[in-house]
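Single-structure report; data block below.
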Ligand code: NAD
Ligand code: IPM
Ligand code: MN
């Protein structure tokens with residue numbers, strides 16, 4: 001069997017709590033995986049003046065994939081986001097964010113009869129990093145390319161074919177002509193792939209998602225809209241601490257919770273590790289470990305059934321209690 005090399009990046013804040021819990025669950029599966037710990041982020045920047053360097057990028061590229069916690073990004077203009085650097089350097093253009101309620105849990109709508117996936121373009125849009133900053137005016141260039149739109153549309157269609165064979169293209173082309181290009185390319189790709197499509201303006205989509213999440217399946221959109229809609233949609237499933245993600249390119253893959261480093265609760269041991277654990281589950285699926293991934297999901301469901309949950313879900317358990325329970329459940333069912 002091939003031994004998979006997985007870079008383990010805890011990062012900052014609650015990344016240092018949720019990743020150890022996810023690793024404990026991963027270890028319980030006893031798979032041929034070599035873990036490569038790597039320190040990146042704001043903590044490293046404070047210590048060494050650099051958040052990520054060339055050597056770190058080489059190590060990431062030498063691994064098959066990355067399991068990542070969260071990194072604090074200060075608003076300091078001299079600090080370049082580590083996450084954006086990695087997504088761009090490793091050209092991981094598709095950010096896949098499943099919004100699926102767990103059995104027994106509901107979010108703000110009280111509904112749990114929906115199952116959608118946000119497919120977020122991950123390398124361009126408002127995140128082009130092409131900026132011009134003056135004292136009284138600042139510009140950010142929004143980049144939408146045919147190539148970038150085409151490949152994210154293909155990722156969405158590929159996913160749609162395994163689901164309901166439909167996509168919703170989310171854009172703001174009534175104002176942004178760059179989105180007219182995005183919408184046009186997504187329509188072309190869907191038509192050529194034989195996938196049904198419709199489109200929604202992003203503002204109306206925000207309302208509709210909150211009101212009728214069951215109407216949507218695969219949602220494809222540009223970078224910033226995908227960022228905002230995914231945190232918003234976390235409220236649909238009951239906590240930001242529940243939503244996982246995969247950043248996928250043609251060569252590399254990178255798995256991380258949607259949430260950030262949560263400085264308001266960091267160090268208290270109360271962060272919900274489920275988003276990180278489900279991100280690790282997405283990693284197992286990507287590796288082809290379907291049975292093990294299903295086992296992780298059943299461990300997550302078991303923790304909720306047993307009411308071993310963190311305060312964001314109304315429970316009083318700690319991050320590590322949740323991880324331990326799931327690891328035990330896996331060892332008992334392996
Ligand atoms: P955040 O996602 O860290 O937190 C938002 C809110 O959700 C907070 O109240 C937090 O306590 C809560 N929350 C988040 N994750 C949780 C969990 N697992 N369990 C329970 N509650 C949870 O967003 P923020 O506070 O706006 O950002 C903090 C820092 O994280 C910023 O520097 C931001 O740039 C960075 N960030 C990093 C990533 C990443 O590395 N992937 C993602 C988002 C934000
Ligand atoms: C996310 C985060 C990042 C983003 C930040 C930390 C750069 O919010 O992964 O959703 O905006 O993409
Ligand atoms: Mn975000």
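Let's see how each residue does on (1) more than 16 Å from ligand 1 (Cβ to nearest atom); (2) touching a strand residue (DSSP E or B) at 6+ places or on another chain (Cβ under 9 Å); (3) farther than 30 Å from residue 189 by Cα:
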position	(1), (2), (3)
66	no, yes, no
71	no, yes, yes
95	no, yes, no
101	yes, no, no
117	yes, yes, no
136	yes, no, yes
141	yes, yes, no
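When residue 28 is evaluated against the numbered criteria (1) closer than 28 Å to residue 333 by Cβ; (2) touching a strand residue (DSSP E or B) at 6+ places or on another chain (Cβ under 9 Å); (3) surrounded by fewer than 24 Cβ atoms within 10 Å (Cβ to Cβ); (4) touching a residue at least 40 places away in the same chain (Cβ under 8 Å), which criterion, by number, is the only one it fails?
(2)
Determine, yes or no, whether residue 219 is touching a residue at least 60 places away in the same chain (Cβ under 8 Å), crowded, with 23+ Cβ neighbours inside 10 Å and part of a strand (DSSP E or B).
Spelling it out, residue 219 is indeed touching a residue at least 60 places away in the same chain (Cβ under 8 Å), crowded, with 23+ Cβ neighbours inside 10 Å and part of a strand (DSSP E or B).
Based on what the data block shows, is residue 189 outside any loop (DSSP other than H, G, I, E, B), assigned by TED's automatic domain parsing to the domain that holds residue 150, surrounded by 24 or more Cβ atoms within 10 Å (Cβ to Cβ) and more than 15 Å from ligand 2 (Cβ to nearest atom)?
So residue 189 fails the test.
Residues in segment 302-311: is at least one within 12 Å of ligand 1 (Cβ to nearest atom) and crowded, with 20+ Cβ neighbours inside 10 Å?
Yes, segment 302-311 contains a residue that is within 12 Å of ligand 1 (Cβ to nearest atom) and crowded, with 20+ Cβ neighbours inside 10 Å.
Could you identify the single residue in 246, 293, 299 that is more than 15 Å from residue 25 (Cα to Cα) and either more than 8 Å from ligand 1 (Cβ to nearest atom) or part of a loop (DSSP other than H, G, I, E, B) (or both)?
Answer to the selection: 246.
Within segment 279-297, which residues are under 17 Å from residue 237 (Cα atoms) and more than 16 Å from ligand 3 (Cβ to nearest atom)?
297
I need the full set of residues from segment 283-302 which are farther than 23 Å from residue 253 by Cβ and within 22 Å of the chain's Cα centre (by Cα), in order please.
298, 301, listed by residue number.
Within segment 5-14, is even one residue within 13 Å of ligand 2 (Cβ to nearest atom), assigned by TED's automatic domain parsing to the domain that holds residue 248 and touching a helix residue (DSSP H, G or I) at 6+ places or on another chain (Cβ under 8 Å)?
Yes, because at least one residue in segment 5-14 is within 13 Å of ligand 2 (Cβ to nearest atom), assigned by TED's automatic domain parsing to the domain that holds residue 248 and touching a helix residue (DSSP H, G or I) at 6+ places or on another chain (Cβ under 8 Å).
Out of 264, 231, 321, report the one residue that is part of a helix (DSSP H, G or I) and farther than 23 Å from residue 159 by Cβ.
Just one listed residue meets the conditions, 321.
Quick one: residue 209 ticks every box in (1) within 16 Å of ligand 3 (Cβ to nearest atom); (2) buried (at least 22 other Cβ atoms within 10 Å of the Cβ); (3) under 20 Å from residue 126 (Cα atoms); (4) outside the structural domain of residue 70 (by TED's automatic domain parsing) except a single one, so which number is it?
Status for residue 209: all satisfied but (3).
Within segment 130-144, is there a residue that is under 24 Å from residue 244 (Cα atoms) and either away from ligand 3 (no atom under 16 Å from the Cβ) or under 20 Å from the mean Cα position of the chain (by Cα) (or both)?
Checking segment 130-144: not a single residue is under 24 Å from residue 244 (Cα atoms) and either away from ligand 3 (no atom under 16 Å from the Cβ) or under 20 Å from the mean Cα position of the chain (by Cα) (or both).
From the list 161, 111, 100, 61, which one is outside the structural domain of residue 200 (by TED's automatic domain parsing), at pLDDT 95 or above and closer than 18 Å to residue 215 by Cα? Working first, answer last.
Values: 161 fails: outside the structural domain of residue 200 (by TED's automatic domain parsing); 111 fails: outside the structural domain of residue 200 (by TED's automatic domain parsing); 61 fails: closer than 18 Å to residue 215 by Cα.
None of the others qualify; the one that does is 100.
Conditions: (1) in contact with a strand residue (DSSP E or B) (Cβ under 9 Å, 6 or more places away or on another chain); (2) in a loop (DSSP other than H, G, I, E, B); (3) away from ligand 2 (no atom under 15 Å from the Cβ). Residue 200 meets all but one. Number of the miss?
(2)
The values are calculated or read from the model by the stated rules, or taken from the named source; none is laboratory data. These numbers were taken from a predicted model, which means no experiment stands behind them. Note that each Cβ is placed from the backbone with ideal geometry, even for glycine, and that neighbours are counted across all protein chains shown.
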